[in-house]
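Taking it in order: structure first as structure tokens, then the write-up.
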Amino acid sequence: MDFTLFKQHCFVAAARMGFDNWEIYFAKSKEFMVRVRDGKILEYKNAYTQGLSFRGKIDGRMGYAYTENPDENIIDTMLLKAIENAKIINSEDEEFLFRGAKDYPRAQIYFPEINEITVPQKIQLALDMEQAAFAADPRVKAVSYCGVANEEEELYISNSYGLDVNSKRNLFDAFIDVIVEENGVTKTGYKVFIGSDINKCDPKKIAEKAVEMAVTFLAARTIPSETLPVMFDKYTAGDILGVFAYGFTAENAQKGFSLLKGKEGQQIASEIVTIHDDGIHLSSFANNLFDSEGVPCRNKVVVDKGVLTTLLYNLKSSAKEGKESTGNGFKHSFRGTVDTSITNFYIKPTDTSPESIIAGIKRGVLVTQLAGLHSGANPITGDFSLSVSGFLIENGQKIRPVEQITVAGNFYELLNNITAVGSDLHFDVPRGSGCVGCPSILVKSLNIAGE
Amino acid sequence: MISKSLAHDVLEAALANGGDFAEIFVENKETSAVVMLNGFVEEALWGVDYGCGIRIFNGLGAVYAYTNDTSASNLLRVAKEAAEAVVNTRNEKADIKLAFENMKFENIHPIITLPQSGAKKIIVEKLKLASDSAFAFDPLVTQTSCQFSGYTQDVLIANSEGMWAEDRRVRTRAFLSAVASEASEKQTGSASSGAHKGFEFFENLNTADMGNESARMAVTMLKGGMCPSGKMPVIVGNAFGGVIFHEACGHSLEATSVAPKDSVFSDCLGKTIASGIVTAIDDGAMANEWGSLNIDDEGTKTQRNMLIKNGVLKSYLIDKLNGIKMGMPSTGSSRRESYKYAPTSRMTNTFIAPGTDKLEDIIADTEYGLYAKSMSGGSVDTATGEFNFAVREAYLIESGKIGEAVRGATLIGKGSEVLQNIDRVSTDLELAPGMCGSLSGAVPTTVGQPTIRVREITVGGRK
């Protein structure tokens, strides 16, 4: 059934069933991926999906229900389920629908040129990357995951207050994982390219980066357990910031799941740390004009020279404190309830080059890869202990690659112990609604477990 | 879901340009979930996931397309588009069996009430009981999060070999966590339980006990010291401790990485890959177990696969497509999160078999080391075998006795080494439910083991 028609039927049914106000959220996506192996197509994926979520307020409580099957017959069931769900909500905080805003940010988040990239072009690009990887080094044993993908997502939010917003965004990516082997030692490396301009996607460069990453670690060994200064490169620093961004949402703080509760106006990080959250950033590929509640996204200074200035709010958590939403009310997908998420959440770069940070380290570790974030880092407590690899630094020089070590600490202590922030801001692969950005950072000391 | 004649036409369209095999997977999944934070119901959700995936084997590669518009015109269009991607294959068309044969199998997972039909009142009461008992356990407990979720997934699998298989998977789960706080510190504890069962599973669950357990863990860890760093003997507790086998070995036995010879355990059948006291099994056919299925997502009946017997590798976990590459039959291991994923080889209920040692004796026999009583998740690089996993609750062992509780530990190592270094296996086998994320999405898997000791492993602590 067509969306417009489904919406009309839904709105009529919601009024008939006694909802005070209501909203539908419609997401439509297209996905393409091609993966190659040994010069042949290994996987070819093409997909069209859509999903629709309803939420409605009845007796001051919000009920949710969703469907991927937009059949007219499902409308009544869906609305009855939403009523059933609303009835058991007994939260102390009220959820609201948005009445709409006058102005929304303007930015290009849809790139028509991505649609002009033909399937044969994409296949060729994947094949070129694979070939370039083998050509880059004789120790490349396999190119285990190599391909090209593009995604497009359209969103529509429409509610009984007359809010009616929509957006469309897309992105293109190329990715490669390689396995190298020498004298019985195996190592892996990877590289991802995200962008809109295929001309900037150089298959040789991408493949060589992945191979370099793997080959470098063939000679890696562990180091003795000790406490050392640790520098995280722009990728791994972003990985860590991404996990602990959880603590920066007002909803988690209000409910006591964040150690930042009540810390606004206080120094929570070293003075060289300034963190922004902005719906739009030109270097990011997860830009948003509005959040899942239809509230416009905007730029916020979350941490200003180490001082926590604001947490991130949705409509519910902002109403609780008599504030305005910061435009961070996002659903994880159309299925979920409105939560709070980052948009482009990033540490502001300085003019210190990463090389000069390394040059200033007497003895320390540069972390370039980490594993186990989903289990080894606890967003509530701030504790982390992660399997990492990188380089041993002595007297300002990278001495040798290291592996099979862990770096452990607490994120909130780490924030206060950042002694350098680099100039090399990098936005990572989009996750959910937003994207984490980070330059290299240096931490005064962390515990390293090795031999 | 869709008619046999439409399925036939779609398969025919999918193989119009060649290809060796085509398959349709249709899914209708009804989900229900309730989230209670600090004793208040904050979220209640209901929804339907619905769609169809079409897969074509093209030599050793595959084309996959999916959509949630299952009208005849759209499915035929999607199949035709998918067929256009079938290149560099043989010219003759694969045979399509005109008559589908209904696959017969016994449902070994009896269900009484579908989870989405369970009374909301009972859900709220039982979650409240869990939250109240966690708060009552100790004044240090400051937050609770209690969740109920359940779903009914109806699937239809039809293929060009004439298979017509329909099945229903029903799963119900409860997940609790508690936070204990002091000054500027927080620690967490959790408890979860899940089964391939209906609402009756949740109704019979002692959620108060689960609340106590998560509170006890959070408070113990809050009072605990920092875990030391370095290499030492580690006793890994039973039940969710099985995540060590899941990460250190299980993923590397999946045909996904074995078939292209990317795995550390490729070409190792019949070879000793673990210590002689290790026997490990993957069994997708255990009645009502969380990771069980009657048939896998390609319609193959699940079975008990002996992976390792007394240290010797006996079997891999194989799906159809990788089975072609390996020249081996499917082991009923092909799984996918939903119609949005092409299926591939995955684990089901995977565990180390019980040994002969007693937990008390293993501890008494350890001069110094770590007792990782409860584990959280982990991950692995199947090419190098390098794994990591986090410890949720740990204690130091000194002079053969359990000592101080310690927090913040992660264990890292290489799968092949850790398996060889298992030197004690206890009798106390227990299973625990989890979610496993990989190439074909997040699927419910059970991990399990008796308490084991690893002679030496790198412990990443903060001291």
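The values are calculated or read from the model by the stated rules, or taken from the named source; none is laboratory data. Bear in mind that the values here come from a model prediction, so they are computed numbers and not experimental data. Cβ sites come from the backbone with ideal geometry, for glycine too, and all protein chains shown count toward neighbours.
Looking at region A:353-366, is at least one residue farther than 21 Å from A:PHE217 by Cα, assigned to a helix (DSSP H, G or I), touching a residue at least 40 places away in the same chain (Cβ under 8 Å) and in the same structural domain as A:GLU251 (by TED's automatic domain parsing)? Within region A:353-366, one or more residues are farther than 21 Å from A:PHE217 by Cα, assigned to a helix (DSSP H, G or I), touching a residue at least 40 places away in the same chain (Cβ under 8 Å) and in the same structural domain as A:GLU251 (by TED's automatic domain parsing). The set of residues from region B:229-250 being surrounded by 24 or more Cβ atoms within 10 Å (Cβ to Cβ) and in a helix (DSSP H, G or I) comprises B:PHE240, B:GLY241, B:GLY242, B:VAL243, B:ILE244, B:PHE245, B:HIS246, B:GLU247, B:ALA248, B:GLY250. Being in contact (Cβ under 8 Å) with a residue 12 or more places away in the chain and crowded, with 24+ Cβ neighbours inside 10 Å is a description that does not apply to A:VAL429.
Scanning region A:38-83 for residues that are more than 7 Å from chain B (Cβ to nearest Cβ) and within 30 Å of A:ALA132 (Cβ to Cβ) yields a count of 2.
Taken over region A:287-326, the criterion of being in a loop (DSSP other than H, G, I, E, B) and in contact with a Phe, Trp or Tyr (Cβ under 7 Å, 6 or more places away or on another chain) is satisfied by A:LEU289, A:ASP291, A:SER292, A:GLU293, A:GLY294, A:VAL295, A:CYS297, A:LEU311, A:LYS323, A:SER325, A:THR326.
Residues in region B:176-210 that are in a strand (DSSP E or B) and hydrophobic (A, V, I, L, M, F, W, C) were compared, and the one that is surrounded by the most Cβ atoms within 10 Å (Cβ to Cβ) is B:ALA178. Given the conditions (1) free of Cβ contacts under 8 Å to residues at least 60 places away in the same chain; (2) within 14 Å of chain B (Cβ to nearest Cβ), report the number of the one that A:THR309 does not fulfil. Every condition holds for A:THR309 apart from (2).
Of all residues in region B:419-463, those satisfying the criterion of being part of a loop (DSSP other than H, G, I, E, B), more than 27 Å from B:LEU176 (Cα to Cα) and away from chain A (no Cβ under 14 Å) are B:ASN421, B:THR427. What number of residues in region B:435-463 are in contact with a strand residue (DSSP E or B) (Cβ under 6 Å, 6 or more places away or on another chain) and surrounded by fewer than 20 Cβ atoms within 10 Å (Cβ to Cβ)? Residues flagged as in contact with a strand residue (DSSP E or B) (Cβ under 6 Å, 6 or more places away or on another chain) and surrounded by fewer than 20 Cβ atoms within 10 Å (Cβ to Cβ) within region B:435-463 amount to 6. The residue of region A:172-188 that is farthest from A:ALA14 (Cα to Cα), among those that are more than 10 Å from chain B (Cβ to nearest Cβ) and crowded, with 21+ Cβ neighbours inside 10 Å, is A:ILE176.
The combined condition, being out of contact with any Pro (no Cβ under 7 Å at 6 or more places or on another chain), free of Cβ contacts under 8 Å to residues at least 12 places away in the same chain and either within 19 Å of A:VAL178 (Cα to Cα) or within 14 Å of another protein chain (Cβ to nearest Cβ) (or both), is not fulfilled by B:SER252. Residues that are within 14 Å of chain A (Cβ to nearest Cβ), closer than 23 Å to A:ALA82 by Cβ, part of a helix (DSSP H, G or I) and among the hydroxyl-bearing types (Ser, Thr, Tyr): does region B:114-125 have at least one? Yes: one or more hits.
Taking the criterion of being outside any helix (DSSP H, G or I), over 26 Å from A:ARG169 (Cα atoms) and of a type in the set (Asp, Glu), the residues of region A:181-209 that qualify are A:GLU181, A:GLU182. Taking the listed residues B:ARG335, B:ARG424, B:ARG407, the one that is in contact (Cβ under 8 Å) with a residue 24 or more places away in the chain, within 30 Å of A:LYS28 (Cβ to Cβ) and of a type in the set (Lys, Arg) is B:ARG335, with no other qualifying. Counting the residues of region A:104-154 that are part of a helix (DSSP H, G or I), in contact with a strand residue (DSSP E or B) (Cβ under 8 Å, 6 or more places away or on another chain) and of a type in the set (Gly, Ala, Ser) gives 2. Candidates A:ILE405, A:ILE448, A:ILE399: the one that is without any contact (Cβ under 8 Å) to a residue 12 or more places away in the chain and over 22 Å from the mean Cα position of the chain (by Cα) is A:ILE399.
I'd like the full set of residues that are part of a strand (DSSP E or B) and among the acidic types (Asp, Glu), limited to region A:1-32. Of everything in region A:1-32, those that are part of a strand (DSSP E or B) and among the acidic types (Asp, Glu) turn out to be A:GLU23, A:GLU31. What number of residues within region B:339-355 satisfy the criterion of being within 14 Å of chain A (Cβ to nearest Cβ) and either at pLDDT below 95 or buried (at least 24 other Cβ atoms within 10 Å of the Cβ) (or both)? Residues flagged as within 14 Å of chain A (Cβ to nearest Cβ) and either at pLDDT below 95 or buried (at least 24 other Cβ atoms within 10 Å of the Cβ) (or both) within region B:339-355 amount to 4. Scanning region B:212-228 for residues that are within 16 Å of B:GLU182 (Cβ to Cβ) and not in a helix (DSSP H, G or I) returns B:GLY224, B:GLY225, B:MET226.
Only one of the numbered conditions (1) more than 10 Å from chain B (Cβ to nearest Cβ); (2) part of a strand (DSSP E or B) is violated by A:LEU386, and that is (1). Selection within region A:353-383: residues that are facing chain B (nearest Cβ under 8 Å) and over 26 Å from A:ALA214 (Cβ atoms). The member of this set that is surrounded by the most Cβ atoms within 10 Å (Cβ to Cβ) is A:ASP383. When region B:216-245 is filtered for residues that are away from chain A (no Cβ under 12 Å), more than 22 Å from B:GLY369 (Cβ to Cβ) and in contact with a Ser or Thr (Cβ under 8 Å, 6 or more places away or on another chain), nothing remains. Cβ-Cβ contacts under 7 Å between residues 6 or more apart (or on different chains), taken from a first residue in region A:5-29 that is outside the structural domain of A:VAL295 (by TED's automatic domain parsing) and surrounded by fewer than 19 Cβ atoms within 10 Å (Cβ to Cβ) to a second residue that is at pLDDT below 95 and assigned to a loop (DSSP other than H, G, I, E, B), are listed as A:HIS9/A:GLU72. Among all positions in region A:53-76, there is at least one residue which is within 26 Å of B:CYS52 (Cβ to Cβ), touching a strand residue (DSSP E or B) at 6+ places or on another chain (Cβ under 7 Å) and among the small types (Gly, Ala, Ser).
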